[in-house]
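A.B. asks: Take this structure, written in structure tokens, and hold onto it; I'll ask about it next.
The values are calculated or read from the model by the stated rules, or taken from the named source; none is laboratory data. Computed from a predicted model, the values in this text were never measured in an experiment. Cβ: placed from backbone, ideal geometry, glycine included. Neighbour counts: every protein chain shown.
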Amino acid sequence: MSNIDLNRSMDWPYPVAYGKENEVEADILVLGGGVAGSHAAINAAKRGAKAVVVDKGAVIRSGGGGAGVDHWHGACTNPCSKLTPEEMIELALHGEYLLNWEFGNGITSYILFKESYDALLDVERWGVKVRDVDDEFKGAEFRDEKTKLMFAYDYDARHCIRVSGGAGIKVAMHNEMKRLGVQIYDYVMATSLLTEGGKPGGRVIGATGVNTRTGEFYIFKAKATIITTGPATGLWIFSTELIGAAASHGDPNNSGEGTAMAWQAGAELTMMEKVSPMPVSGGFAYPMYGTGNAHNTWYACTMVDANGKEIPWVDRDGKVLKTVSERYHDVPGQKAFFNGPNLPYELRSPSLIPDLPERIRKGEYVLPLYADLPSMPAHERRAIWGLMVGNEGKSRIIYNTYQQAGFDPDKDMLQTNVLPPDRYFFYPYWNTMGPRQWREGGGGGIFFDWDLKTSLEGLYVAGTSGYAGGNHAGSASMGRYAARKAVAYVQTAREAPVNQEQIEKEKERVYAPVTRTKGIGWKELRAGLARIMQDYCGEYKNEETLNMGLRWLNSIRESEASRVYARNPHELARTLECFTRLTVGEIIMNASLNRKASSKALGLNRLDHPEIDPPEWKKLVTLKLENEDIKVGARPVDYYLQPPNASTYEENYRHHCGL
Amino acid sequence: MYSKAYMVPNPMTPNQAIFIDEKLCTGCNTCVDVCRTDVLLPNPEKGKPPIVMYPDECWFGGCCVEHCPVPGAIRMEHPLNQRIGWKRKETGDYFRIGMKNPPPPNTRPPVG
């Protein structure tokens, strides 16, 4: 509240008890209660395990997918799909559907294709409206009359399903967890993993946590632990002055705790050098899905210029498409298309003319552009604005506030934010402004095998904490799979006592900021860390900048970060997030140093190693902490089809899936 | 004209992500407990509207608005630098959220 007199500050509204210990025992401890974590906990509980979920936010709405979902990827086992998981994985290996190109992960992609639809049927059973049960879209070409399923993007291949009531998906999952007796710890931030004997590299036997409202300490003892927290967002970006915490495109709660605590415990990480290849706008972005657009959730809306002149859609060969319907169909001979930038020819979707930037510069199209919803066929218009924007993450509120202000998609064209012409090459447009060195991490994370087990015994991973993690459906599929594997493990896992020394050391680390009243606050620390990432680990890097960055981070750790204060449990949590970000920043810089080549897929521009993706670097670089030193290793990008694994996806899945 | 002035810190940015109608709010604190980033704190006085303590940490997810049991008691507003406009195709009239004399609300609910 802006009118609070800070000189007469009020007492903290929650009872504060820094350091007070709470012990919780679990069979399966799930760190993070978002999409992956909720599916994991529900599936563990369904198998009779005592499941405990820990989340920094309120599980009823937490996680990157906590504010909704509008389309469900990879659901190729649905009865209308034209593709099998085998065909999907073949296509995906050639394209962005593996999410990280040639460095993508075949395990999670195959699990997605095998289980995405099952996960969707799960959430439907838990009360989420998936199909067009009210027949609102009867007769639409994206709707199957028999099953009432509705599809997005490719209306021929039908592998991506529109979720008609996805805005409330987390509430339904929360209810199901409650029904099954999952113990939920809201507003508890996990801070470290506990290992057998307190030794890094040992079996993981639980975790510690801090309550972000009371400051109490939690000791979670578990036979198996599943990390499902998101990777760090907003490492390069911090300015609440611009648009608040929404400045990071991803969930601001994702500060990388899972990554950092797995690292500290000695788990192997990979691909941490990967950053977003696209300009990420941070504080300059518009609300996600909130400006006129033609791709992603807005696919395939007609766009016009300031004078109402329509911007043509073309197929992958550049042929102008005459009807709206053609934008949703494969060209003859094409098996399927995916929507995304820079796709290989065989998977390329129709798109706006690729030379739009050039034609804007020449004056052929006059800015600003508009999304011409009124000209779209009624079902498509309603699907884009009423269904997709109405249910996608963070955009139900966009639907509601725009409608409240009088926006009428039947009559009104939503404006696109004005960008430099070359930025119209990228989409979505709401996210493509801002300084180029402001990056976003993405793709790197914990290494795992066909059991979704990490390199540490007792530690599993699901969702975007795992390297090359994916979307909502991918996180859901991984969550249910990881739960099966973890439950199988706990059948034979022995009890292990926690190491008291490890707990005392963590308490000392965690509570240091509340012992101080002077120094710097968390916001300045975080902005300072972001500056180091921008300068020394930005769009272009070399050995000198990266070593300089590591020097700065280490120096900040010894100096300013050791003098940061926290005046209440909320500030303490934000401060601990800064420590996490510092650690993740160090991992990213070390990973970047150890890939001595540039890479398109990884968004890595090494000025001192300019050759892009040379064949000898087509490998995963792995890092782990061993005896306080960083041990660098390498793995084949398709390690999951190499010995000791079987050579086909199907065989590996059958052997490991636990079904 | 008021002549009283105060020494206070500058207003936070964004100023106020959400607005609570004190007449409608029952002080149930549902919004406090669904907020993902703990933007709101319960009012020390029971039954009073919660305090929007950390608007600078709002993700603009809208969960507080969606879960509020009293329609209209909470309104979320994207900050001024987060607003885009729209043009009525037939007339060319230009509108935006926050404008003076806004058009009437469009009451059609979303799908789902």
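A.B. asks: Out of all the residues in the stretch A:627-647, which are of a type outside the set (A, V, I, L, M, F, W, C) and surrounded by 13 or more Cβ atoms within 10 Å (Cβ to Cβ)?
C.D. replies: A:Gly633, A:Arg635, A:Asp638, A:Tyr639, A:Tyr640, A:Asn645
A.B. asks: Also: Check A:Gly308, A:Gly292 and return the single one that is over 30 Å from A:Asn605 (Cα atoms), in contact with a Pro (Cβ under 9 Å, 6 or more places away or on another chain) and assigned to a loop (DSSP other than H, G, I, E, B).
C.D. replies: Testing whether each residue is over 30 Å from A:Asn605 (Cα atoms), in contact with a Pro (Cβ under 9 Å, 6 or more places away or on another chain) and assigned to a loop (DSSP other than H, G, I, E, B) leaves just A:Gly292.
A.B. asks: Any residue in the stretch A:123-143 that's facing chain B (nearest Cβ under 10 Å): show its pairings with residues that are in a loop (DSSP other than H, G, I, E, B) and of a type in the set (D, E, K, R) at Cβ separation under 8 Å, as long as the two are six or more apart or on different chains.
C.D. replies: Correct list of pairs: A:Asp132/A:Lys138; A:Asp132/A:Lys148.
A.B. asks: I'd like the full set of residues that are in contact with a Ser or Thr (Cβ under 9 Å, 6 or more places away or on another chain) and modelled with pLDDT under 95, limited to the stretch A:316-340.
C.D. replies: Across the stretch A:316-340, the qualifying residues are A:Arg316, A:Phe337, A:Phe338, A:Asn339, A:Gly340.
A.B. asks: Still on this structure, please answer the following. Checking A:Ala247 against (1) modelled with pLDDT of 95 or more; (2) closer than 29 Å to A:Gly290 by Cβ: exactly one of these is not met. Which one?
C.D. replies: Evaluating A:Ala247 over (1) modelled with pLDDT of 95 or more; (2) closer than 29 Å to A:Gly290 by Cβ leaves (1) as the failure.
A.B. asks: Of everything in the stretch A:424-464, what is more than 22 Å from A:Gly250 (Cβ to Cβ) and of a type outside the set (Ser, Thr, Tyr)? Give them in sequence order.
C.D. replies: Selection gives A:Phe425, A:Asp449, A:Trp450, A:Asp451, A:Lys453, A:Leu456, A:Glu457, A:Gly458, A:Leu459.
A.B. asks: For A:Phe103, all conditions in the list (1) modelled with pLDDT of 90 or more; (2) under 20 Å from the mean Cα position of the chain (by Cα) hold save one; what is the number of the exception?
C.D. replies: Among (1) modelled with pLDDT of 90 or more; (2) under 20 Å from the mean Cα position of the chain (by Cα), A:Phe103 violates only (1).
A.B. asks: For the stretch A:291-324, which residues satisfy the criterion of being closer than 19 Å to A:Glu358 by Cα, hydrophobic (A, V, I, L, M, F, W, C) and free of Cβ contacts under 8 Å to residues at least 60 places away in the same chain?
C.D. replies: A:Ile311, A:Trp313, A:Val314, A:Val320
A.B. asks: Is it true that A:Lys178 is more than 23 Å from the chain's Cα centre (by Cα) and not in a loop (DSSP other than H, G, I, E, B)?
C.D. replies: So A:Lys178 fits the description; yes.
A.B. asks: Does A:Gly33 satisfy being outside any loop (DSSP other than H, G, I, E, B) and within 14 Å of chain B (Cβ to nearest Cβ)?
C.D. replies: no
A.B. asks: Let me ask something else. Kindly indicate whether A:Phe113 is away from chain B (no Cβ under 13 Å) and free of Cβ contacts under 8 Å to residues at least 40 places away in the same chain.
C.D. replies: Against the criterion (away from chain B (no Cβ under 13 Å) and free of Cβ contacts under 8 Å to residues at least 40 places away in the same chain), A:Phe113 qualifies.
A.B. asks: Still on this structure, please answer the following. Which of the following residues is of a type in the set (S, T, N, Q) and surrounded by fewer than 23 Cβ atoms within 10 Å (Cβ to Cβ): A:Asn43, A:Asn78?
C.D. replies: Matching residue, one of A:Asn43, A:Asn78: A:Asn78.
A.B. asks: List the residue pairs whose Cβ atoms are under 7 Å apart, where the first residue sits in the stretch B:83-97 and is closer than 17 Å to A:Gly290 by Cα and facing another protein chain (nearest Cβ under 7 Å), the second is buried (at least 19 other Cβ atoms within 10 Å of the Cβ) and of a type in the set (Val, Ile, Thr), and the two are 6 or more positions apart or on different chains.
C.D. replies: Going by the 7 Å Cβ cut-off, the qualifying pairs are B:Ile84/A:Thr291; B:Ile97/A:Thr401.
A.B. asks: Does at least one position in the stretch B:51-71 carry a residue that is more than 10 Å from chain A (Cβ to nearest Cβ), within 30 Å of A:Gly33 (Cβ to Cβ) and among the aliphatic types (A, V, I, L, M)?
C.D. replies: Taking every residue of the stretch B:51-71 in turn, at least one turns out to be more than 10 Å from chain A (Cβ to nearest Cβ), within 30 Å of A:Gly33 (Cβ to Cβ) and among the aliphatic types (A, V, I, L, M).
A.B. asks: Among the residues of the stretch A:384-401 satisfying the criterion of being out of contact with any Gly (no Cβ under 8 Å at 6 or more places or on another chain) and more than 7 Å from chain B (Cβ to nearest Cβ), which is farthest from A:Thr297 (Cα to Cα)?
C.D. replies: Filtering first and then ranking leaves A:Trp385.
A.B. asks: Could I ask something else about it? How about the stretch A:627-650: which of its residues are under 27 Å from the mean Cα position of the chain (by Cα) and outside any strand (DSSP E or B)?
C.D. replies: A:Val637, A:Asp638, A:Tyr639, A:Tyr640, A:Leu641, A:Tyr649, A:Glu650
A.B. asks: Exactly one of these conditions fails for A:His94: (1) modelled with pLDDT of 95 or more; (2) under 30 Å from A:Ser325 (Cβ atoms). Give me its number.
C.D. replies: Single failed check for A:His94: (1).
A.B. asks: Moving on to the next point. Quick test of your reading of the structure: A:Lys624 fulfils all but one of (1) part of a helix (DSSP H, G or I); (2) touching a residue at least 60 places away in the same chain (Cβ under 8 Å). Name the failing condition by number.
C.D. replies: (1)
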